[in-house]
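We did not get these values from a lab; they are worked out from the coordinates using the rules stated. As the structure is a prediction and not an experimental result, all values here were calculated from the model. Glycine also receives a Cβ, built like all others from the backbone with ideal geometry; neighbour counts cover every protein chain displayed.
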Ligand code: FPP
């Protein structure tokens, strides 16, 4: 089976999963977080090299204070726990998005985790926090415009690669496979530039129930796809 080098996941359905069990949404996030702790070793076992998950969008601040506070608490605990997960899996962790909106202590925990894990390269794990693709592009364009203003870059020399190099995902390959759990079929402002040639896989399974068998199913489906990037199909029967 051909394993995608980079898998991006939209972690959706924690709230509905909890509601179906008569539990509060925050319980769904706790279970979703437990699942996230397992997904890195699953990715490693399967041979995936890059894994990028959407954990908190720039829109998610609009949720109730109780839910946002619950998520912040989970992020804090997870950043600590993730030190061990990183060392167990020899995994480098990066946070993409704009962390400046978070409390100082959480920003510090994120930095500590990123610095600690920068020694590893067997798996690259990106967590999108306070991330929105349009916000990422806005920040990239501002930075690029400043560099043009300061004469560091000639506008005539700006290429697609230059733009990639100003995004939060600079240095990372584009995703080969995007998985969205829990039934919705939209991108929700996730990696819009990076997903240009990516295969999409949507499943009704909610994030807390997304296990290794489901991960394998997604990869099998990806294997059945004809990835030709605008070229000519060799097998005309497909
Ligand atoms: C979407 O489900 C999920 C989120 C907004 C949060 C994702 C967070 C986690 C998996 C928990 C921990 C993450 C980290 C990085 C520690 P939803 O609440 O939108 O579900 P719904 O669509 O059913 O309401």
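If we sort 25-34, 59-68, 175-184 on the protection proxy, mean other Cβ atoms within 10 Å, highest first, what's the order?
175-184, 25-34, 59-68
Expressed in nm to one decimal, what extension gain is obtained for the pair residue 111 and residue 148 from 0.36 nm per residue of sequence separation less their Cα-Cα distance? Provide the component values of the computation, followed by the final result.
On the way: separation 37, 0.36 × 37 = 13.32 nm, distance 2.88 nm.
Gain on stretching residue 111 to residue 148: 10.4 nm.
For a quick protection proxy, order the peptides 73-79, 84-90 by their average other-Cβ count within 10 Å, most packed first.
Numbers: 73-79: 17.9, 84-90: 15.6.
Going by the mean number of other Cβ atoms within 10 Å, highest first, we get 73-79, 84-90.
How high is the relative contact order of the chain? Use alpha-carbon pairs under 8 Å, at least six apart in sequence, and give a whole percent.
Values: 344 pairs, mean separation 64.5, N = 238.
So the answer I get is 27 percent.
In a solvent-free Debye calculation with one equal scatterer on each Cα, what is log10 I(q)/I(0) for the chain at q = 0.08, 0.09 Å⁻¹, listed in the order of the q values?
-0.32, -0.40
For residue 197 and residue 34, FRET efficiency with R0 = 30 Å and r from the beta-carbon atoms, rounded to 0.05? Don't jump to the answer; show the numbers that get you there.
Working: r = 33 Å, r/R0 = 1.09.
Taking R0 as 30 Å, the efficiency between residue 34 and residue 197 is 0.40.
What area, in nm² and to one decimal, does the C-alpha convex hull of region 132-238 cast on average over all directions? Before the final figure, lay out each step's value.
Numbers: hull surface 37.1 nm².
Mean projected area for region 132-238: 9.3 nm², to one decimal.
Alpha carbon centre of region 143-189 versus region 1-38: separation in Å?
26 Å
Using only alpha-carbon positions, what ratio does the radius of gyration of region 178-228 give when scaled by 2.2 N^0.38 Å?
Details: Rg = 11.5 Å, N = 51, 2.2 N^0.38 = 9.8 Å.
Computed over Cα atoms of region 178-228, the ratio equals 1.17.
Can you quote the Å³ per residue value for the convex hull of the Cα atoms in region 30-116, rounded to an integer?
About 96 Å³ per residue, rounded to a whole number.
May I ask you to derive the relative contact order of region 89-138, considering only C-alpha pairs under 8 Å and at least 6 residues apart, and to give it as an integer percent? Numbers along the way, then the final one.
Values: 63 pairs, mean separation 29.4, N = 50.
59 percent.
Using the 10 angstrom Cβ neighbour count as an exposure proxy, how do 164, 117 rank, fewest first?
Working: 164 16, 117 23.
Lowest count first: 164, 117.
Could you work out the relative contact order of region 116-199? I mean the mean sequence separation of Cα pairs under 8 Å and 6+ apart, divided by the number of residues, in percent.
Numbers: 39 pairs, mean separation 30.8, N = 84.
37 percent.
How long are the semi-axes of the ellipsoid equivalent to region 115-190, from square roots of 5 times the Cα gyration tensor eigenvalues, in whole Å, largest first? All intermediate terms of the calculation are to be shown ahead of the outcome.
Numbers: eigenvalues 146, 66, 29 Å².
Three semi-axes, in Å: 27, 18, 12.
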